[in-house]
Amino acid sequence: MPKYNYIEIDSADNIVQGTMEAGSSGEVISLMKSRGSRPIEVSEDIKGLGGVNITVGKRRIKSKDLSVFSKQLYTMLHAGMPLLTCIETLKDQVQSKLLREKLIEIYQDLQKGAIFSTALQKHGEAFPELFISMVRSGELTGNMDGVLNNLSTHYQKEARLQAQIRSAMIYPIIVLMVAIGVTVFMLVKLVPMFKSFFRGKALPGITQFVVNLSDFMISKWYIIIAVVVGVVFLINRYISTPVGRMQFDTNKLRAPGVGGLLRTIASSRFASTLSVLISSGIPIIQAIESSGQVTNNVFIQKNMAYAIDNIKKGSPMSVELKKLEIFPPMMISMLKIGEESGAIDSMLQKTSDFFEEELEEAIKRMTSMMEPLIIILVGGIVAVVLISVYLPMFDMSTMGVS
């Protein structure tokens, strides 16, 4: 039986990390929930070379594929087709290889008499817990086609949000890669062309620094690569611990500039998910717990646990979420209006739509700011290297004139 590494928030609101044997990641999630814990992360643990533990990342079905699958299944069920016939048809039509593999196994389980949610739960590493919970709700309420329609809309929005996040990340990565590329080229190719001219001469401090850096990069390049790889490895190891994950998730929400963007993303996901869950008939406490999990932030999830405890005691959701000081005031205000009018789901959906538009504008602003930043950064690097190279020549020409 395979082993799985997991991170959970236990019933005492402590972040716990451990390993357990189970038939699937879905079984691990079920076991954690049965003991009152909230799952954060589950990944398979295998033995690598020399017996070293290697954590294998989960292969998740993409939001876009889930949206299309949900819409197709909704359409077929709404037309009166039996579920088994729907899955039999869709398993041969879906574009995603991973989804096709899972549907084949799900179809086999359905033929043996399993219910849909149970068959999905066996593949919890591929299907999100939100998807499985909502399907289970649809089975209990007899509103499967309505739930699937909601899921299709939700994952369509999630796919759009993920595309916006990728767009926001592209420019910073380009800036970093261009800056590194220009720096390496000038130090490895340009500076060595002038070294023979500099030999035996007293050099200005900036020139000597650039020459020494060039020599080090050419002769000791493997040390630089080893240090970079080592630092990245150590950071990843630290973040994979409960303390490191909490510190990382806390600090990124407070980071200047980026923190506001990440809060908007988390708020949009939370509002959209909570709206879909409530409109699909999921109990409010379970809906809040599931919505906190989709933020993918341990800091938010742990603080959400405190809010849930007070909501169970009868405190309004808007009051408890406001105390967390995580979500924007606009979301709290809309939630309060929803509580008073009895239309929480529609108010949350409007809030999510607003955040989505706000995020799009924020990404456009970031993109427009990055363009001059690239010019300034690359221009600054080029200027420093060129000044360091030509400064000795200028000093010598000045001495010659004197």
Does L213 count as part of a helix (DSSP H, G or I) and either more than 30 Å from I40 (Cα to Cα) or more than 39 Å from the chain's Cα centre (by Cα) (or both)?
yes
When both residues are 6+ apart or on different chains and their Cβ atoms are under 6 Å apart, which pairs have a first residue that lies in the range 366-388 and is on the phi > 0 side of the Ramachandran plot, and a second that is surrounded by 14 or more Cβ atoms within 10 Å (Cβ to Cβ) and at pLDDT below 85?
none
L176 fails exactly one of (1) within 29 Å of E356 (Cα to Cα); (2) at pLDDT 85 or above; (3) in a helix (DSSP H, G or I), namely (2)
Can you name the number of the only condition in (1) at pLDDT below 85; (2) closer than 29 Å to S37 by Cα that L348 fails?
(1)
Within the range 150-167, does at least one residue satisfy the condition of being modelled with pLDDT under 80 and at negative phi?
yes
Within the range 179-210, residues being hydrophobic (A, V, I, L, M, F, W, C), under 43 Å from the mean Cα position of the chain (by Cα) and not in a loop (DSSP other than H, G, I, E, B) number 12
Being farther than 22 Å from A159 by Cβ and more than 27 Å from the chain's Cα centre (by Cα), is that true of even one residue in the range 355-375?
yes
Considering the range 104-148 alone, what residues qualify as being over 25 Å from E289 (Cβ atoms), out of contact with any Phe, Trp or Tyr (no Cβ under 8 Å at 6 or more places or on another chain) and in a helix (DSSP H, G or I)?
I104, E105, Y107, Q108, D109, Q111
Check on E358, surrounded by 14 or more Cβ atoms within 10 Å (Cβ to Cβ) and touching a Ser or Thr at 6+ places or on another chain (Cβ under 8 Å)
yes
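The values are calculated or read from the model by the stated rules, or taken from the named source; none is laboratory data. All figures in this text were calculated on a predicted structure; none of them were measured in a lab. So basically every Cβ, Gly included, is an ideal-geometry build from the backbone, and we count neighbours across all protein chains shown.
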